[in-house]
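The values are calculated or read from the model by the stated rules, or taken from the named source; none is laboratory data. In this text, all values refer to a predicted model and were calculated from it rather than measured experimentally. Cβ atoms come from the backbone with ideal geometry, glycine included; neighbour counts cover every protein chain shown.
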Amino acid sequence: MKNAISAATVLGLAGALASALVGCSARDGDAAQASGSANNAREAVMTVTATPLARVELTRTISMNGSVFAWQDVIIAPEVGGYRVAEVFVDVGDHVKRGQQLVALSRALLEAEVATKQAILNQRQAELVNAKAALQRGQSLEAMNVLSAADLDRLTADELASRSGVESARADLDTSQLRLKFTSVTAPDDGIITSRTVTVGQIAQAGNEMLRLLRNGRIEWRGEVPETRLVELSPGQPVTVTTADGTKFSGTIRVVSPTIASGNRTGLVYVDLPSDERLRPGMFARGEIEIGHGPGYTVPLESVVSTDGYSYVFVVRADNTVARQRIETGAVYVGAIEVMSGIEGDELIVNKGAGFLKDGDLVSVGTESGS
């Protein structure tokens, strides 16, 4: 009996041990399967699209901001003061010609002054005639030893004084006539009136602005260029100027500034623009100056990630992991940006999804929808 119980007990313990072993194996398998699934989930970071780095022919340009200016903004002011403005013949926007009368000042006082100076000149001329006649008589008497040398000297001095009096009176008359002429304020050159501050009835003051003239209707664009790029520019280069509304104009560099602004380390470039009513001084505009052609590399703008002031792209390795690569960027084109350094060759560059990656991530490279 004892032997039978012992055998049953042994068999029961063996069965329980086998069941425990089977249960452990099942649990270990489930754990391994769960662990594998977790690893697969961790490795599958995201699906991205990628673009091969390709060498293309580029047109290199320098882009800069600037404004439209008048080529010469002429201030028109009277040359005589203290006289009433009698008439203003122009207004803002008028096209004028050289010598055209713009403003008329009252002439009455100056006309009276001219008449007075003319009368004084006539009087001095009469005195000169008498002095000349007296000198001639004195010379005749001196030849007959009737007139002393001292009296002859006095007559000579009187004639010289009368002659000087005539010249002084004529100069005064010329001055008054010139002042009278200045009551007519005329255009110094062809152009467009851009400002008017004069009104009829005011008392004009010499040198005070009355009008402004856009000389010859000529305008220019002035752009700020970094000092490191100024050496690439020279007079005669073509420039494309784009206004805020997207309108493009073609211009030509006239002058490259010989100085640098110490505040922002830039120099000015002066670009002649065509006469066009759509271009007005004071307008903001952006300029692009073509400086050459040549091969280079570009990547889509969305491929570039900026961090800590530097630009990076993610390169897809053969094992589908990505490597973050620092690059130096250049000119921006439509949807792309030039890569100056950092990558070169046949690298596969992450396109969409680059902003969500970190160095070493494993990715699945897909294709864009519709491609």
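Table for the structure above
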| read-out | value |
| --- | --- |
| Which listed residue, of Asp276, Asp346, is within 30 Å of Ile193 (Cβ to Cβ), surrounded by fewer than 17 Cβ atoms within 10 Å (Cβ to Cβ) and out of contact with any Gly (no Cβ under 8 Å at 6 or more places or on another chain) | Asp276 |
| Condition check for Val315: over 16 Å from the mean Cα position of the chain (by Cα), assigned to a strand (DSSP E or B) and buried (at least 16 other Cβ atoms within 10 Å of the Cβ) | yes |
| Among the residues listed as Arg280, Arg324, the single one being at pLDDT 90 or above, more than 37 Å from the chain's Cα centre (by Cα) and not hydroxyl-bearing (Ser, Thr, Tyr) | Arg324 |
| Selection count where residues are in a strand (DSSP E or B), free of Cβ contacts under 8 Å to residues at least 40 places away in the same chain and touching a Leu at 6+ places or on another chain (Cβ under 8 Å), scope region 333-371 | 2 |
| Options Ile260, Ile253, Ile219: the member that is among the hydrophobic types (A, V, I, L, M, F, W, C), in contact with a helix residue (DSSP H, G or I) (Cβ under 8 Å, 6 or more places away or on another chain) and farther than 30 Å from Ala354 by Cα | Ile260 |
| Members of region 95-137 that are under 25 Å from Tyr83 (Cα atoms) and acidic (Asp, Glu) | Glu111, Glu113 |
| Selected residue (only one of Leu58, Leu13 is modelled with pLDDT under 85, among the hydrophobic types (A, V, I, L, M, F, W, C) and closer than 30 Å to Thr243 by Cβ) | Leu58 |
| Subset of region 336-353 [touching a Ser or Thr at 6+ places or on another chain (Cβ under 9 Å) and small (Gly, Ala, Ser)] | Ala336, Gly342, Gly353 |
| From Thr175, Thr199, Thr194, residue being outside any loop (DSSP other than H, G, I, E, B), under 59 Å from the mean Cα position of the chain (by Cα) and within 23 Å of Val74 (Cβ to Cβ) | Thr194 |
| Residue in region 297-311 that is closer than 30 Å to Ser195 by Cβ, in contact (Cβ under 8 Å) with a residue 24 or more places away in the chain and buried (at least 19 other Cβ atoms within 10 Å of the Cβ) present | no |
| In region 240-256, the residues that are closer than 14 Å to Ile289 by Cβ and surrounded by 13 or more Cβ atoms within 10 Å (Cβ to Cβ) | Thr240, Val241, Thr242, Phe249, Gly251, Thr252, Ile253, Arg254, Val255, Val256 |
| Residue count, region 349-371 (criterion: buried (at least 19 other Cβ atoms within 10 Å of the Cβ) and modelled with pLDDT under 80) | 0 |
| Some residue of region 38-53 being outside any loop (DSSP other than H, G, I, E, B), modelled with pLDDT of 95 or more, of a type in the set (Val, Ile, Thr) and surrounded by 12 or more Cβ atoms within 10 Å (Cβ to Cβ) | no |
| Out of Val129, Val96, sole residue that is within 30 Å of Arg212 (Cα to Cα) and out of contact with any Cys (no Cβ under 7 Å at 6 or more places or on another chain) | Val96 |
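Okay, residues lined up against (1) over 29 Å from the mean Cα position of the chain (by Cα); (2) farther than 30 Å from Val225 by Cβ:
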{"site": "Met64", "(1), (2)": "no, no"}
{"site": "Asp73", "(1), (2)": "no, no"}
{"site": "Gly81", "(1), (2)": "yes, yes"}
{"site": "Arg84", "(1), (2)": "yes, yes"}
{"site": "Val88", "(1), (2)": "yes, yes"}
{"site": "His95", "(1), (2)": "no, yes"}
{"site": "Lys117", "(1), (2)": "yes, yes"}
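The rows are residues; the columns are (1) of a type in the set (Gly, Ala, Ser); (2) surrounded by fewer than 19 Cβ atoms within 10 Å (Cβ to Cβ).
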{"site": "Thr199", "(1), (2)": "no, yes"}
{"site": "Ala204", "(1), (2)": "yes, no"}
{"site": "Glu220", "(1), (2)": "no, no"}
{"site": "Pro238", "(1), (2)": "no, yes"}
{"site": "Phe284", "(1), (2)": "no, yes"}
{"site": "Glu290", "(1), (2)": "no, yes"}
{"site": "Gly294", "(1), (2)": "yes, yes"}
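One line per residue, one yes/no per condition, for (1) at pLDDT below 95; (2) under 56 Å from the mean Cα position of the chain (by Cα); (3) surrounded by 13 or more Cβ atoms within 10 Å (Cβ to Cβ):
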residue	(1), (2), (3)
Leu109	yes, yes, yes
Ala126	yes, no, no
Val129	yes, no, no
Ala134	yes, no, yes
Ser140	yes, no, no
Asp151	yes, no, yes
Glu159	yes, no, yes
